[in-house]
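Trainee: My questions all concern the structure below.
The numbers here are math on the coordinates, done by the rules we state, and not lab data. Note that the structure is predicted; figures quoted are calculated from it, not measured. All Cβ positions, even for glycine, are placed from backbone atoms using ideal geometry, and neighbour counts span all protein chains on display.
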Amino acid sequence: LIRIIKAHPIWESVPVIAVTAMAMSGDQELCINAGASAYLSKPLNIENMIATVKSLLSRVG
C-alpha cells in the first residue's frame, strides 16, 4: 500500500507513518524500504506518536 501511495506524483512527498503490530526484527526496515517515512509498532505510545508526527511535519515545511 505504501508503494502504491508513493507511486502517485501527488502523494509521493506526503509522509507516511507505518503503524503495525509487526514488531519482529526486520519489520521496521521492511516498512521503511517500502517508502514509509516512520515506523510505529503497536501498542502505540502516544508521546512517541506525537513526537513522530511533529518531526515529520517539521521536515515538510
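Trainee: Going highest first, how would you order 36-42, 26-32, 4-10, 47-53 by mean Cβ packing within 10 Å? Don't skip to the answer; put the middle values down first.
Mentor: On the way: 36-42: 17.7, 26-32: 14.6, 4-10: 10.7, 47-53: 12.7.
Ranking the peptides 36-42, 26-32, 4-10, 47-53 by packing returns 36-42, 26-32, 47-53, 4-10.
Trainee: What's the percent breakdown of Cα-Cα distances in the chain across 5 Å bins, shortest bin first?
Mentor: Over the chain, the share of Cα pairs per 5 Å bin runs 4, 19, 25, 25, 19, 7, 1 percent.
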